[in-house]
Structure formats: structure tokens, C-alpha cells
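Report on the structure given below.
The values are calculated or read from the model by the stated rules, or taken from the named source; none is laboratory data. Predicted model only: the values in this text are computed from it and were never measured. Using ideal geometry, Cβ is built from the backbone for each residue, glycine included, and neighbour counts are taken over all protein chains shown. These area figures cover heavy atoms from the full protein model, side chains too; ligands, DNA and RNA do not enter into them. Shrake-Rupley method; radii C 1.70, N 1.55, O 1.52, S 1.80 Å.
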Amino acid sequence: MGGDFIGRWRGAGSGRRTAWQAKPGRYSAKVLACGSLLLSCVIVAGMATQAALAEIAAPAATRVADNEKEQGGPGVAQASHTQKSEPETVLRQPEVQKPAPEAAVQMPEARKSSHEAKDLPVPQLVLPDDLAKKIGQKIWLNETDGKRDAITSWNAHEEFASLGIGHCIWFPVGKWLPFEESFPALLEFMRKKNVRLPAWLDQTQIPANPWTSRAEFRKNSNSPQMKELRQFLLDTVAEQTQFMVARAQGAMEKILKTTPDGTEREHIVIQFTRVIRASENFYPLIDYINFKGEGTNPNEAAMDRETGRRQGWGLKQVLLRMNGDTSDPKAVRAEFADAAQFVLQQRVRNLPSNRVFEVGWLRRVATYRRPIADPESSPQRALRKSLRVTAAQ
């Protein structure tokens, strides 16, 4: 039995094996189908697992990147270099623009050094002809009380003629004096303005004064030459005033050239500008420069007996005497008049022989206190008021 059983199992097994071997296509297809299905499931499961892991890892990576960003670690640049390029450009712009505020901060220093080299700008003086004539008549009134014949004069105790509304100095032949000769410069100025000069004066080089003394000058007061000269000066009041304006403008160049100290130079320009803005028609400046000069000629100075220093009496000394900062026109004009009065009285102390001129000088500078249209700006009224103020002080 045992043998039979064994024989049957073997036979059965052999039959099954024989049967599988007899129909291989049917069983192979089933096996392949099952294997493919199983492989697909494994792949899908693997992909799902990777996705899940990626979702889990993403927040962690984000947190790491954020932590590195906050700490300034290298992970910031490496994590998303392409995405950060644009934000980096925005963040770096303040770094690029930083020099601009620095330059703005340094600009005052640059202006300061420029100022030290070139000084403050000096205002330009421009006077219309109609106003120039009005100013000229006022200056003529100061010089000669408006007397027609006095437009050509030679003052006592002087060695030169004084001509025109501003009494420009004209030296006689062969005479040199320690003053600035202004009449030849006046004629040159008018010639450049196409003003026709008397023929005997219209030469390549303006001639010297043909009258050598006051006595000879007075003797020829009605000569053809003197009459022609007088009429010429009466007809050119506006042009003579414009010459004074040009001289006032050029005065600042002379003054600054003779003032090496930077602080004094700045002070002079500031005070000059104050007077211009306060006077509107430049009358105080024009008249004083014509009256006593720029104050730059070393020969136009006298020794102070107390200090032992030479002191001038021109515009430079007046501007240095001023020290205010108000822009009120009335106050500025008064300050200029006070400074001019001080400088002239100082000259009288240094040169006692000039005392005979003191009253007339003070009368003249007192007119600077008011606009020339003001009736109280007449020399007599202005002097009385100035003397009252001085006495009260």
C-alpha cells in the first residue's frame, strides 16, 4: 500500500508536472501578469512614500533655511540664490546710494574752501540813466551847493583842480601828488561810452591840467577852453554818475586785493552788501567813494598818535568800522553814516590842519541817513540831526 501510495503521488506529481509542462503559455501569462501587477503596486507605493517624505521634509527644510537666514548663515545664498537675486538688489540699493548723503554733508565744507579762495560774491551795481542823473545832481549839491560855475574849481590850499559834479582831481603839468587822480579816468570812461569830448581833451593820452596854479586857473575862468569844459561837464551829469557807479564797483576789487585776512574780507563784503540793499540807489557808497576814495592808497593815510599805526579814511575803513547785522534800511544807513563820521573825525585828530573841513564833511555824510528824495536829507537838516545824536551819545 505504501508503495502504491507513493507510486500514485509520484504519478500524480508527475502528471501535474507533465500537464504544466504540456501547457506552458497559459501559466506563464498568469505569472507575468501577477508579477507586473505586484511591481506596479511597489512603484506606486514607493512614489507615495517619497511624496509623503517630501511633504514632511519641506517644512523642516524651510525652518532650517529660515533659521540660517535669521542667523546670516551661508544657507541663505545656497538655498535659493536665483530667487533672492531680486530682493538682494533692492536691499543693496541703500548701500549704493550711501555716498550721496555723505556728499551732501561735505558740500558746506566744499563751499567753505571755495569761499576762502574766491570770497563772497560782490553785488553788481546797475543804475538807470534817469536815476543816475538824480543821484549826480545830489552829489553836485554836496560838492558845490549846486553852483554852476563851481563845476570847475580849484580850492584854496590845494594843488590841483577839482572838476565835475564829483570834483574829480586833475593834476597840473609836471605835478605829482599823493592822491588818486580821477579826472583823466572820468574822460577815458566817457570816451569808451562814445561821449564826444572837447577836441583839446580828446587825445590818445588825456593831457595834464594846462593851468599850473590856482591863480592861473582863476584868471582863465572865462577863457574859451574853460567855458567849453564847464558846458561839457554840465551836459554829462548822468555819465559822470555812471563813472562813480563803475568806480564803486571796482572799489571792491581794490579793497579785497589789499585785504589778505579772510575774516576781514568776508566782513567787508557783507557790510558792502548791506549798504547796497539799504540804499537802493547806491547813493551813500557812490558819494563816499567819490568823496574820500577806496581807502587802499597807502599814501592816503595818517599816523595815529596813540597807536602809532597809519590809518586811512576811505570806504574800506568805513566798512571795517561797521559791525551790525540788521537788514533794516534805516538802521543800516545810519550805521554807515556813523562809521563814516568816525573815520573822518579820526582823520581830523591825526591831521589837525584838516579841522577846517570837518563841519562840511560831517554835513555831507549826514545825508546818507535818509533816501535822497527825503526833504530831511538836505545837508543842513541832516547835519543838525547828526550833531544832536552825537551830543546825546
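The mean sequence separation of alpha-carbon pairs under 8 Å and at least six residues apart, normalised by the residue count of region 226-370, gives a relative contact order of 21 percent. For residue 266, the solvent-accessible surface computed with a 1.4 Å probe is close to 70 Å², ligands and nucleic acids excluded. Residue ranking by accessible heavy-atom surface, 1.4 Å probe, largest first, among 167, 157 comes out as 157, 167. As a fraction of the 1.4 Å probe accessible area of region 145-195, surface on carbon and sulfur atoms comes out at 50 percent. Rolling a 1.4 Å probe over the protein heavy atoms of region 238-362, with every protein chain left in place, gives an accessible area that is 49 percent carbon and sulfur.
Taken over the alpha carbons of region 134-230 as equal point scatterers, the Debye sum produces base-10 log I(q)/I(0) values at 0.24 Å⁻¹ of -1.53.
Multiplying the residue separation of residue 216 and residue 331 by 0.36 nm and subtracting their alpha-carbon distance yields 36.7 nm.
Just to be sure I follow: if Rg is taken over the C-alpha atoms of region 241-341 and Rh is the Kirkwood radius over the same atoms, what is Rg/Rh?
Ratio value, two decimals: 0.95.
Provide the FRET efficiency to the nearest 0.05 for the residue 323-residue 129 pair, computing r from the beta carbons and using R0 = 25 Å. Working from the Cβ atoms, E equals 0.10.
I'd like the accessible area for residue 216, computed on protein heavy atoms only with a 1.4 Å probe and all protein chains in place. Round to 10 Å², please. It works out to around 60 Å².
Once all protein chains are placed together, residue 368 keeps about 0 Å² accessible to a 1.4 angstrom probe.
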